[in-house]
Amino acid sequence: MSATALAHAVAEVRTAEAQEGGGTASLGTMAAANGNAPSYKFLIYGKTGWIGGLLGEISKKQGIDYVYGDGRLENRSSIEQDIATHKPTHIFNAAGVTGRPNVDWCETHKVETIRANVVGTLTLADVARENGLILINYATGCIFEFDAAHPEGSGIGFKEEDTPNFIGSFYSKTKAMVEELLKNYENVCTLRVRMPISSDLKNPRNFITKISRYEKVVNIPNSMTILDELLPISVEMAKRNLTGIWNFTNPGVVSHNEILEMYREYIDPSFKWTNFNLEEQAKVIVAPRSNNELDASKLSKEFPEMLGIKESLIKYVFEPNRKTPVQS
């Protein structure tokens with residue numbers, strides 16, 4: 001059964017129960033049954049995280065009822081309790097382990113990483129399926145690296161159906177593992193986020209904030225995700241009950257130097273940085289890093305208004321933060 005069919009089947013049951021006086025139909029189901037615009041209630045996991053917090057802000061701005069889950073993802077009964085208590089129409093998973101200060105943490109905390117990124121995510125997907133709910137899962141696109149078929153600078157990106165080829169870090173290894181397993185869950189929408197960026201240039205998780213504070217940076221073109229533009233799109237994807245794997249990045253690539261050049265142009269004209277190569281970088285990190293281009297044509301077809309990565313950077317990140325005078 002497809003995810004859409006699954007959602008419709010559950011909606012029909014809940015509508016019938018409500019009509020019979022059971023009172024368990026969601027507001028969205030009853031509104032749809034009455035021919036009105038559907039109402040939504042989002043159950044969000046990852047309250048203390050960056051993306052989880054932004055999802056709450058977006059929901060509030062759109063007037064969508066939302067609540068943060070209290071249960072731990074690896075605890076099945078606590079998730080079941082959250083669903084029974086809040087009766088959501090959709091579930092969003094922005095929880096998980098990325099490591100502090102970076103993914104190198106996962107190399108020495110493998111069990112904790114598995115518990116959160118594999119056991120927790122699979123448990124949430126399974127409980128959501130049992131309840132006929134779509135799960136929007138914020139995953140990663142850092143499971144690929146440039147290769148002979150997808151060389152750097154070629155414009156040939158990895159597609160949704162391509163098999164991950166990067167397991168250089170334990171973090172990426174767990175993410176690739178869980179993505180493969182989630183293919184069997186027709187209720188899951190897997191969003192491959194990469195090097196996320198937002199207009200909050202003080203957030204330490206922001207890719208721009210990270211590289212602007214590094215002593216040295218590599219200079220490689222990569223696919224990236226502008227959260228200010230794409231997170232609202234993910235909310236719309238939930239409303240459309242979209243499922244499957246999606247490369248969740250803006251079209252095109254941008255390099256580290258191109259971003260820092262924009263930073264210098266819009267934020268700090270005196271900003272300077274130094275480059276080093278991958279071999280030199282390898283000496284100061286524990287696990288290798290993923291560098292790739294993802295093909296965003298599937299997402300662009302669904303949302304043709306989505307901007308290319310460089311245009312999105314300027315509109316959503318640098319223009320709102322401009323500190324330098326506009327050149328005439």
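Do we have any residue at all in the stretch 171-194 that's open to solvent by less than 30 Å² (accessible area, probe 1.4 Å), assigned to a loop (DSSP other than H, G, I, E, B) and of a type in the set (Gly, Ala, Ser)?
We begin by selecting, within the stretch 171-194, every residue open to solvent by less than 30 Å² (accessible area, probe 1.4 Å); these are 171-172, 174-176, 178-179, 182, 187-194.
This time we only want the ones that are assigned to a loop (DSSP other than H, G, I, E, B), so: 187, 194.
Cutting the leftovers down to of a type in the set (Gly, Ala, Ser) gives us none.
Checking the stretch 171-194: not a single residue is open to solvent by less than 30 Å² (accessible area, probe 1.4 Å), assigned to a loop (DSSP other than H, G, I, E, B) and of a type in the set (Gly, Ala, Ser).
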Among (1) surrounded by 22 or more Cβ atoms within 10 Å (Cβ to Cβ); (2) of a type outside the set (Val, Ile, Thr); (3) more than 18 Å from the chain's Cα centre (by Cα); (4) within 22 Å of GLU236 (Cβ to Cβ), which single condition is GLY132 missing? (1)
For the stretch 35-94, what are the residues that are among the aliphatic types (A, V, I, L, M) and either at pLDDT below 95 or closer than 16 Å to ALA125 by Cα (or both)? ALA37, LEU43, ILE44, LEU73, ILE79, ILE83, ALA84, ILE91, ALA94
Positions within the stretch 95-108 being of a type outside the set (Ser, Thr, Tyr) and modelled with pLDDT under 85, in sequence order: GLY96, VAL97, GLY99, ARG100, PRO101, ASN102, VAL103, ASP104, TRP105, CYS106, GLU107
Check off (1) at pLDDT 95 or above; (2) open to solvent by 50 Å² or more (accessible area, probe 1.4 Å) for TRP246 and give me the number that stays unchecked. (2)
Of the listed residues (ASN321, ASN241, ASN277, ASN291), the one being surrounded by 14 or more Cβ atoms within 10 Å (Cβ to Cβ) and modelled with pLDDT under 95 is ASN291
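The values are calculated or read from the model by the stated rules, or taken from the named source; none is laboratory data. These numbers were taken from a predicted model, which means no experiment stands behind them. Counting neighbours? That spans all protein chains shown, and the Cβs are built from the backbone with ideal geometry, glycine included. Side chains are part of the model used for accessible areas, which takes the heavy atoms of the whole protein and leaves out ligands, DNA and RNA. Shrake-Rupley method; radii C 1.70, N 1.55, O 1.52, S 1.80 Å.
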